[in-house]
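The values are calculated or read from the model by the stated rules, or taken from the named source; none is laboratory data. Nothing here was measured: the structure is a model prediction, and the numbers come from that model. Reconstructed Cβ throughout: ideal geometry from the backbone, glycine too, with neighbour counts over all protein chains shown.
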Amino acid sequence: MTVHISVNSEVLQRAQQQIQQDLKIALDAFFIPEPLKSAVNHAVMLGGKRVRPALAYATAELSEDHKNFAAVRRAAVAVELIHCYSLAHDDLPCMDNDLLRRGQPTCHVAYGEDTALLAGDILQSMAFEVLGSRLFDTQVTVDPSIVLKQMQILATSSSKMVCGQVLDLQAEGKKIDQEALENIHRNKTGALIQAAIMMSAVTVMDGVDAGIPKLREFGQVLGLAFQVQDDILDIVSDTETLGKTAGKDELVEKSTYPALLGLDAAKEYANKLHQQAISALDYFGDSASELKQISAFLLARKS
């Protein structure tokens, strides 16, 4: 059965405004010498869809108890810092050698390879410093066991992301099957998307809640859907719309879903994954509306 959900951009816009504010607060809390400080701001503050923070906030809406929302905000910042570090490193000449990111010169183009590399390095450690900090706290002290769980989730997903990147580089110019392709993207793309959801879930939900496996499934499937749509957009969109070089996947002979399945079949698969992700949220009823809105946006997006 096909589930139709209209895309409400207000959910994502609110999340973007919140995370942009919180990212600035977090970056201002660290002393970083120039030119590294400017490179870090370049890597982080130029915008983007901010999907991972949005998923963290939307997951928190599954609970009416918002006493630990400061920990959700820290998780949203931390996962976005890891994502931005990964982009700064992915764009390097030794990796994907990209010149554009979010419509601007990539970090290494603007600040040099050495500074871009170090910007990624410090963003990775800053993410964990933020998780263990008191940023955004009011009168509520978050249970340290929750912070530890968040750190474990983020560390594990970050390691998986790096392993996925290695597998992705190894697959360039080769023909691999769908199982191998999905193994790449469950790690490279999906792990951090799932982490954003689960870091929020352990903050607002009891550890034995039956909804935890449902959220884990939602995150895993959504991560795959996100990557399939990314692969499709690399073909059907243009550089100005994407904010990065269109057609790059084919140029470097990356293993992608359109290359493996064909463009039309890849589109069908993206829709199938979207429906599967939505079905995983049925357990939560109407309280999952924001998560469903974000999922619908990811399927309909043009960049």
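Below are the figures for this structure:
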quantity	calculated
Residue in region 31-45 that is surrounded by 13 or more Cβ atoms within 10 Å (Cβ to Cβ), assigned to a loop (DSSP other than H, G, I, E, B) and at pLDDT below 95 present	no
Single residue of LEU154, LEU131, LEU169 found to be in contact (Cβ under 8 Å) with a residue 40 or more places away in the chain, closer than 28 Å to THR256 by Cβ and either crowded, with 18+ Cβ neighbours inside 10 Å or in contact with a helix residue (DSSP H, G or I) (Cβ under 6 Å, 6 or more places away or on another chain) (or both)	LEU154
Given (1) in contact with a His (Cβ under 7 Å, 6 or more places away or on another chain); (2) within 27 Å of HIS274 (Cβ to Cβ); (3) of a type outside the set (A, V, I, L, M), index of the condition ASP91 fails	(2)
In region 236-263, residue surrounded by the fewest Cβ atoms within 10 Å (Cβ to Cβ) [restricted to those that are more than 21 Å from the chain's Cα centre (by Cα) and among the aliphatic types (A, V, I, L, M)]	LEU251
Scan of region 94-134 for residues that are of a type in the set (Asp, Glu) and part of a helix (DSSP H, G or I), ordered by number	GLU113, ASP114, ASP121, GLU129
